[in-house]
Amino acid sequence: MLWPLTKRHVTNPQLAERIDAVRNQNPESERWLALVEAAFAESGSDGAWGDAVLTILEERPVRAPILHQAQIAVRRRVLHRWVREILDLASADGSLEPVELLEAALCQDDSRLETPELRVAAQMAALPLLQTCGRALAAQVPSSWWEGYCPVCGAWPTLAEFRGLERKRWLRCGRCATGWEVAWLRCPFCDETQHANLGYLAPEEGETTRKVEVCDTCKGYVKAEPTVKHLAPWEIVLDDLATVPLEVAALDRGYHRPERPGFALEARIVEA
């Protein structure tokens, strides 16, 4: 059965306004923004993803994220309709069945995704399910999580927040939107804590609130910004896009993001 392809619009006026602003500033990012817009419109459809059945393994390895070895049952019709929609928007194609594609994206297993276009599309396809899991598992996130990767899905942080007047440092996952508090002077990738090996890059002109934290031990980097309170899930993704110049500056100086995920997540998706 085929479902008609329609342009998805977000119902959150703040998100819609922000997408339009980013679109005007970065017209070359139109295709990416269309995927983001569709993914967050889909994420707001609790009727579509809110009834996913999540079975968590109670006894996990100490450093394992909550979704490690979990099983997630999603409605077949929802899964197939959504994956087809996102692949059409991305003009991507592959040999995987929808459930296999979503599982590969959930586990960040790029070896199962044949092309860069398919990898991008798959990550956007997984976003509504990951956002649902993030909300459902928020109460189970440990109050003290030492690892640099997400305690829910195992991804590296998309950015760091310095919240409120106290400027406490929180890492945020761009996939499931989970946040976890960490020490100020600590690299999330290699656990370096020596001040001499940690620094930051900031713009020379214009905006000075955002910066890039860098580590000279592992050459990793993560973007950072001050916030009054925790960012909304969509703000994490759009702020990441809006700070591409900072990312370019880090790459030009030899810093990089880790090639492998923070944790080799093993999780299974089944059709309900």
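The values are calculated or read from the model by the stated rules, or taken from the named source; none is laboratory data. Computed from a predicted structure; not experimentally measured. Heads up, the Cβs are rebuilt from the backbone with ideal geometry, glycines too, and the neighbour counts pull from every protein chain shown. These area figures cover heavy atoms from the full protein model, side chains too; ligands, DNA and RNA do not enter into them. Shrake-Rupley method; radii C 1.70, N 1.55, O 1.52, S 1.80 Å.
With the structure loaded, tell me whether W82 is of a type in the set (F, W, Y) and under 25 Å from F189 (Cβ atoms) or whether it fails that test. Answer is no for this residue.
Conditions (1) among the polar types (S, T, N, Q); (2) within 19 Å of the chain's Cα centre (by Cα), marked per residue:
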| site | (1), (2) |
| --- | --- |
| E166 | no, no |
| L171 | no, yes |
| E192 | no, no |
| N197 | yes, no |
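When the residues of the range 67-106 are filtered to those that are of a type outside the set (V, I, T) and touching a Pro at 6+ places or on another chain (Cβ under 8 Å), the one that is farthest from A136 (Cα to Cα) is R84. Without any contact (Cβ under 8 Å) to a residue 60 or more places away in the chain, under 15 Å from the mean Cα position of the chain (by Cα) and open to solvent by 30 Å² or more (accessible area, probe 1.4 Å), is that true of R260? So R260 passes the test. Restricting the range 133-161 to residues that are open to solvent by 20 Å² or more (accessible area, probe 1.4 Å) and within 15 Å of the chain's Cα centre (by Cα), the residue that is modelled with the lowest pLDDT is R135.
Of the helices (runs of 4 or more DSSP H) lying entirely inside the range 8-72, the ones with 2 or more residues being surrounded by fewer than 12 Cβ atoms within 10 Å (Cβ to Cβ) are found at 13-25, 46-49. In the range 118-146, the residues that are touching a residue at least 40 places away in the same chain (Cβ under 8 Å) reach residues that are assigned to a helix (DSSP H, G or I) and of a type in the set (S, T, N, Q) with C-beta atoms within less than 7 angstrom, at least six apart or across chains, in these pairs: L127/S43; P128/S43; Q131/S43.
Cβ-Cβ distances below 8 Å connect the following pairs, each with a first residue in the range 173-190 that is farther than 23 Å from Q108 by Cα, a second residue that is of a type in the set (V, I, T), and a separation of six or more residues or different chains: A183/T193; L185/T193; R186/T193. Residues that are basic (K, R) and touching a residue at least 60 places away in the same chain (Cβ under 8 Å) are absent from the range 206-219 altogether. From the list V78, V83, V74, the lone residue that is touching a residue at least 60 places away in the same chain (Cβ under 8 Å) and closer than 30 Å to L15 by Cα is V74. Screening G94 on (1) in contact with a Leu (Cβ under 9 Å, 6 or more places away or on another chain); (2) closer than 25 Å to L54 by Cβ shows it passes everything except condition (2). Residues considered: T178, T115. Of these, the only one that is open to solvent by less than 50 Å² (accessible area, probe 1.4 Å) and closer than 23 Å to H256 by Cβ is T115.
Consider the range 91-107 and keep the residues that are in contact (Cβ under 8 Å) with a residue 24 or more places away in the chain and under 18 Å from the mean Cα position of the chain (by Cα). The one that is surrounded by the fewest Cβ atoms within 10 Å (Cβ to Cβ) is E103.
May I ask you to verify whether T115 is modelled with pLDDT of 95 or more and over 21 Å from V237 (Cα atoms)? So T115 fails the test.
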